[in-house]
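Q: The structure is given below, and queries will be raised subsequently.
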Amino acid sequence: MTSYATTSLRGRPGAGLAAAFAAALGVAALGASPAFAADAKIDTGDTAWMLTSIALVLMMTIPGLALFYAGMVRKKNVLATMMQSFAICCLVTVLWMVVGYSLAFGNGNAFVGDFSRLLLSGMGWEKPFTVGTGDGAVATTIPEVVFMMFQMTFAIITPALICGAFADRMKFSAMMWFMAVWVLAVYAPVAHMVWHPSGWMFTLGALDFAGGTVVHVNAGIAGLVAAVVLGKRRGYGHDNMAPYNLTLAVIGASLLWVGWFGFNAGSAAGANGRAGMAMAVTQIAAAGAALAWMFTEWAARGKPSVLGVISGAVAGLVAITPASGFVLPGGALIIGLVSGVVCFWAATSLKRALGYDDSLDVFGVHGVGGIVGALLTGVFAAGALSATEATPAGSQGLLEGNASQIVTQAIAVGFTIVYSAVASFVILKVIDAAMGLRVADEAERDGLDIAQHGETVQ
């Protein structure tokens, strides 16, 4: 980003990889001073790209994820599934405005933000925004309102992803309560820990350019816990539960793929070369994973399926997310190929072996894919992409001699798994005791469209 100052964040490799959009949103990796000069001005090119990225990432949820999930459930649950994505978009928008953004990006402490931006008080729009305070602060070239909106779209899609794990069987009212509490008690603290300059995982040096831990591992684990707590769908393993309309699913997956360029390349926080590289490796990893899943399924089952190839593409997009601002094309291709094979195994063999009913393979694709991507970031991270004048080596991975980065990545992944699992379990159990989580057998048999919303697909 040409208008950035060049001093590093705390002068150590990896520390400057997350602050402005804090690690996952990659601004700090470019290096920045604690504050801009008094006459600093917004970079209109960077801001224009970020506004575009906001629209792209929002498109990932509505209509992308809504169509993707709706196409994979049975006809009687199509509208209810789409309603979940749409309602979560509205719910999280309001929660983010009221308190979520402040909890995630207020200065706070190492684990959660404060209430300095409650109701977006003091939100700036005329000057560049600085994340954090003191020596660890990181300056951006965009206004805070743009930063807040970009982060909002991430907060929207993360809980929406979870819905695929319990598709066909959760009360809409219980779902809304769970998502409201989860985004504030789980998502916001993890986002703060990974992406804020004072966050614990950020200061640890964990690399997460666009949400491998914050979004995908977090949502994947929560989805697995929800699927186990709610139990299997009626007729699971016996009834025909084939997707209603794979055409919708392909359209949804395609919108996710295109929107992911905003997700990953937008996390460079500016219109620059690093954004271009993030976009390139995103495309490469997605294509590699789609092919890997397709050929693995072809060999195992005799035919390559449409559902398989789109699932593979999403797995590759998930896996490259934490690595997208740190790896070069060769590493991206390997990440894609590995994630395609591993996620196919997780969504088929592992699920059968453990016996859980993750309806749309949220854990198998997002949880496992996020773990694979986060760990392989520690292998393939190329220091040149995150180098600054103060830290010319940048954030290096195993292949560049920094084996400790894998350990750091594993700690971040492990903590996210445990925190998300425990917190999600507690939230679900409290809601279940208060109002019940699951629809009645008759409602599940008739379908959530008619039982929960009084509407049907014609």
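The values are calculated or read from the model by the stated rules, or taken from the named source; none is laboratory data. All figures in this text were calculated on a predicted structure; none of them were measured in a lab. Heads up, the Cβs are rebuilt from the backbone with ideal geometry, glycines too, and the neighbour counts pull from every protein chain shown.
Q: Can you tell me which residue is nearest to N218 (Cα to Cα) among those in the range 376-386 that are among the hydrophobic types (A, V, I, L, M, F, W, C) and in contact (Cβ under 8 Å) with a residue 60 or more places away in the chain?
A: A381
Q: While we're here: Do the conditions hold for L91, that is, is it assigned to a helix (DSSP H, G or I) and either β-branched (V, I, T) or buried (at least 23 other Cβ atoms within 10 Å of the Cβ) (or both)?
A: Spelling it out, it is not the case that L91 is assigned to a helix (DSSP H, G or I) and either β-branched (V, I, T) or buried (at least 23 other Cβ atoms within 10 Å of the Cβ) (or both).
Q: Can I ask one more? For residues that are in contact (Cβ under 8 Å) with a residue 24 or more places away in the chain and touching a Gly at 6+ places or on another chain (Cβ under 6 Å), scanning just the range 336-358, find the one that is farthest from V418 (Cα to Cα).
A: My answer is L337.
Q: Scan the range 298-308 for residues that are surrounded by 18 or more Cβ atoms within 10 Å (Cβ to Cβ) and farther than 20 Å from F68 by Cα and report the count.
A: Number of matching residues: 0.
Q: I'd like to know if the range 402-413 contains one or more residues that are part of a helix (DSSP H, G or I), without any contact (Cβ under 8 Å) to a residue 40 or more places away in the chain and more than 29 Å from A191 (Cα to Cα).
A: Looking through the range 402-413, none of the residues is part of a helix (DSSP H, G or I), without any contact (Cβ under 8 Å) to a residue 40 or more places away in the chain and more than 29 Å from A191 (Cα to Cα).
Q: From the list S311, S339, S324, pick out the single residue that is outside any helix (DSSP H, G or I) and crowded, with 19+ Cβ neighbours inside 10 Å.
A: Exactly one residue qualifies, and that residue is S324.
Q: Going by the conditions given, is L103 loosely packed, with under 15 Cβ neighbours inside 10 Å and at pLDDT 95 or above?
A: Here the answer is no, as L103 does not meet what is asked.
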